[in-house]
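Peer 1: Sharing a structure, written as structure tokens. Questions coming.
The values are calculated or read from the model by the stated rules, or taken from the named source; none is laboratory data. Here the structure is a predicted model, which means the values were calculated and not measured. When we count neighbours, we look across all protein chains shown, and the Cβ atoms used for this are built from the backbone with ideal geometry, even at glycine. Areas reflect the complete protein model, heavy atoms only, side chains present, ligands, DNA and RNA absent. Shrake-Rupley method; radii C 1.70, N 1.55, O 1.52, S 1.80 Å.
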Amino acid sequence: MGLSSFALTDRVAIVTGAGQGIGRGIALGLAEAGADIVAAELEPSRAEQTAAEIRSRGRKALVVPADVRIASQVDNVVRRTLAEFGRIDVLVNNAGGLLGIVGPLLETKEEDWDRGITLNLKSVFLCCKAVGKVMAAQKKGVIINISSVAGMGAYTPAPHYGVAKAGVINLTQTLAMELAPLGIRVNAIAPGTVATALVEELFRTRPELREKRLKSIPMGRLGRPEDIAAAVVYLASDASDYVTGEVLAVKGGLPFVG
């Protein structure tokens with residue numbers, strides 16, 4: 001198997017939350033591998049910056065404003081993608097986050113729980129369902145869901161987030177079994193702590209957290225968006241043609257985060 005197995009030349013990839021952080025890194029990584037990118041983003045001005053970088057690499061980019069928590073807006077992303085490119089080869093469900101909600105489960109408000117589950121799990125379900133139907137008709141496609149190491153065990157800092165990310169893993173495994181006979185592969189990536197702007201801002205205000213986390217990572221550094229992008233390229237490409245229903249943890253050896 002040569003390096004050509006990792007190429008994504010002229011494939012069409014939807015990346016949710018592509019305007020910043022891990023999503024931006026994923027979109028750029030896929031473009032560098034040869035894919036054209038549809039950036040589904042709540043804040044389209046952020047995604048336009050990503051799109052400009054993609055075009056500078058010689059690939060096509062389409063920005064579609066979307067709140068992926070809303071089915072009609074997800075359906076619009078699919079319509080716009082098909083109108084522009086005629087097919088969908090790859091879906092990366094990256095949009096999500098903590099929403100600034102942290103604290104013990106017994107102190108978690110019901111509305112905060114619902115917000116966290118909707119952003120981090122329902123959104124993935126909606127995108128998988130809408131794009132999965134297109135891929136089923138094509139008899140081909142790849143879905144990659146961004147979970148988290150927080151979903152691989154107890155996560156006391158933000159229970160709603162850990163539960164949602166665990167749900168993403170189960171959804172991935174279930175959908176992989178359902179869609180494998182149709183030629184569609186579904187996998188998940190579980191990042192550890194990645195040095196995005198939001199994480200860096202947190203560590204700037206609380207430097208003791210950075211030191212604590214670095215001590216817990218055997219490789220001695222935080223992850224980079226490029227680390228996650230490389231894993232996405234692998235799972236999106238023919239190099240992983242016999243891989244489905246799996247969770248690839250990209251965490252520098254981090255044993256536990258709860």
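Peer 1: Under the rule a/c < 1.5 gives rounded, and otherwise a/b versus b/c splits prolate from oblate, where does segment 186-225 land using the Cα gyration tensor?
Peer 2: Cα axes put segment 186-225 in the oblate bin.
Peer 1: Hey, another quick one. Please return the longest range in the chain lying between exposed loop sites, taking chymotrypsin sites (Phe, Trp or Tyr not before Pro), DSSP loop only, at most 11 other beta-carbon atoms within 10 Å, and leaving the sites out.
Peer 2: Result for the longest clean stretch: 1-241.
Peer 1: Just the number, please: Stokes-Einstein D of the chain in µm²/s, Kirkwood Rh from C-alpha pairs, 20 °C, 1.002 mPa s.
Peer 2: So the translational diffusion coefficient is about 117 µm²/s.
Peer 1: Give me the percent of accessible area attributable to carbon and sulfur for segment 63-129, probe 1.4 angstrom.
Peer 2: Of the solvent-accessible surface of segment 63-129, carbon and sulfur hold 54 percent.
Peer 1: Using the Cα centre of segment 1-147 as origin and beta-carbon charges of +1 (Lys, Arg) and -1 (Asp, Glu), tell me which of Gly25, Ser56, Pro44 is placed farthest towards the positive end of the dipole.
Peer 2: The residue sitting farthest along the positive end of the dipole is Ser56.
Peer 1: Same structure again: Taking amide H positions as placed in the peptide plane 1.01 Å from N, state which residues far from Lys60 in sequence (5 or more) or on other chains have amide H under 5 Å from it.
Peer 2: Here Ile37 satisfy the definition.
Peer 1: Return the loop-located trypsin sites (Lys or Arg not before Pro) in segment 123-171 (DSSP other than H, G, I, E, B) with at most 13 other Cβ atoms within 10 Å of their own Cβ; answer none if there are none.
Peer 2: Within segment 123-171, the qualifying trypsin sites (Lys or Arg not before Pro) (loop, at most 13 other Cβ atoms within 10 Å) are Lys139.
Peer 1: If only Cα atoms are counted, what is the Rg of segment 78-153, and what is its Dmax, in Å?
Peer 2: So, for segment 78-153, Rg and Dmax equal 15.7, 48 Å respectively.
Peer 1: Here's a follow-up. Given H placed 1.01 Å from N in the peptide plane, which residues other than close sequence neighbours of Ile143 have an amide H under 5 Å from its amide H?
Peer 2: Leu91, Arg185, Val186, Asn187
Peer 1: Now, a different point. At 1.4 Å probe radius, can you tell me the per residue accessible area of the chain in Å²?
Peer 2: Heavy-atom SASA per residue in the chain reads 47 Å².
Peer 1: Using a 1.4 Å probe on the protein chains only, how many percent of the accessible area of segment 164-213 belongs to carbon and sulfur?
Peer 2: 60 percent
Peer 1: Further, regarding this structure: With all pairs of different alpha carbon atoms counted, what Kirkwood hydrodynamic radius in Å does segment 210-258 show?
Peer 2: 12.4 Å
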